[in-house]
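> Sharing a structure, written as structure tokens. Questions coming.
Values in this text are rule-based calculations from the coordinates and carry no lab data. Everything numeric in this text was worked out from a predicted model, so none of it was measured.
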Amino acid sequence: MATTIQVSEELLDELKIRKISDKESYEEIIWDLIDDTMELSDETKREIEKARKEIKEGKFYTHAQAKKALGL
């Protein structure tokens, strides 16, 4: 069910600034803002910890090493 909300001119101006394209709706902008404030999922937290562990163990390639390996 759709509804209408009232926002101040100041907030409307801020929402307009955040538009990536003219076709983007204000609802999409608000959902993006909500998404930015949500807590990371357990799976994401596990993946971050795994990545940190791999970095500590030296299991990574530097940018220069990756470029060299790819012949760039």
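> Using the Kirkwood radius over Cα pairs, work out the Stokes-Einstein diffusion coefficient for the chain at 25 °C and 0.890 mPa s, in µm²/s as a whole number.
Estimated via Stokes-Einstein, D reaches 147 µm²/s.
> Using the alpha-carbon atoms, what tilt in degrees (0 to 90, nearest 10) does helix 26-37 show relative to the longest principal axis of the chain?
Tilt relative to the chain: about 40 degrees.
> Measure nothing fancy, just the Cα-based angle from helix 42-56's long axis to the longest principal axis of the chain, in degrees from 0 to 90, nearest 10.
So the helix axis and the longest Cα principal axis differ by about 30 degrees.
> Here's a follow-up. Mind checking the angle between helix 9-18 and the chain's longest principal axis? C-alpha axes, 0 to 90 degrees, to the nearest 10.
30 degrees
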